[in-house]
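Only one structure is covered here, and it is reproduced in the block below.
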Amino acid sequence: MRIGSFVSGTCKDMRRSQRVSVKPIHTEIDFNDFLCHHHGRTHGAWIKMIQSWMRVDHNLVATHGDLHPRHIMVTWDAEEGGDLHITSIIDWELAGWYPEHWEFVKALNTAGPKGALADWCEYLPTAAIGSWPMEFSLDLLLGRWLG
């Protein structure tokens, strides 16, 4: 199975800007290589070390790729004690087949310990998407070194 977008088949990684793979990616080894190489950036010892820690045996699953509070539509039911009900998830442009940790990693990609999303990690649906702290930590390191 090809890793990447449902529509184009290419891999997409949104950080400060969106990067799109130029060739098809069929293995997690190739996917990790895509994540670790940015055009115009040196592939130094730090990146090689980070890549050596990245797993290559995750299952491929369908992912939204940008699960974020602003993409979750809810209704408020005053008659049910003020319960919120999820009615839809929008903005599927980054959706595709990706390693199973990708949804968790990308859901936390725009959040941090400060600001409006400081508690987002408490609401992640980990029963559905899993919890991948090591993969998230490695992705943070990649973001630090590659921008």
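The values are calculated or read from the model by the stated rules, or taken from the named source; none is laboratory data. In this text, all values refer to a predicted model and were calculated from it rather than measured experimentally. For neighbour counting, all protein chains shown are included, and Cβ atoms are generated from backbone atoms with ideal geometry for every residue, glycine included.
Could you please find all residues in segment 23-55 being modelled with pLDDT of 90 or more and loosely packed, with under 10 Cβ neighbours inside 10 Å?
Within segment 23-55, LYS23, SER52 meet the criteria.
Scan VAL74, VAL61 and give me the residue that is touching a His at 6+ places or on another chain (Cβ under 9 Å) and part of a strand (DSSP E or B).
It is VAL74.
Restricting to segment 56-74, name every residue that is without any contact (Cβ under 8 Å) to a residue 24 or more places away in the chain and loosely packed, with under 14 Cβ neighbours inside 10 Å.
Selection gives ARG70, MET73, VAL74.
Six or more apart or on different chains, Cβ atoms under 9 Å: show the pairs whose first residue is in segment 32-54 and of a type in the set (Lys, Arg) and whose second is at pLDDT below 90 and assigned to a helix (DSSP H, G or I).
Listed by first residue and then by second, the contacts come to ARG41/ILE47; ARG41/TRP145; ARG41/LEU146.
Quick one: ILE90 ticks every box in (1) touching a residue at least 24 places away in the same chain (Cβ under 8 Å); (2) farther than 18 Å from ILE25 by Cα except a single one, so which number is it?
(1)
Check segment 94-117 and report whether any residue there is under 19 Å from LEU141 (Cβ atoms), loosely packed, with under 15 Cβ neighbours inside 10 Å and free of Cβ contacts under 8 Å to residues at least 24 places away in the same chain.
Scanning segment 94-117, I find at least one residue that is under 19 Å from LEU141 (Cβ atoms), loosely packed, with under 15 Cβ neighbours inside 10 Å and free of Cβ contacts under 8 Å to residues at least 24 places away in the same chain, so the answer is yes.
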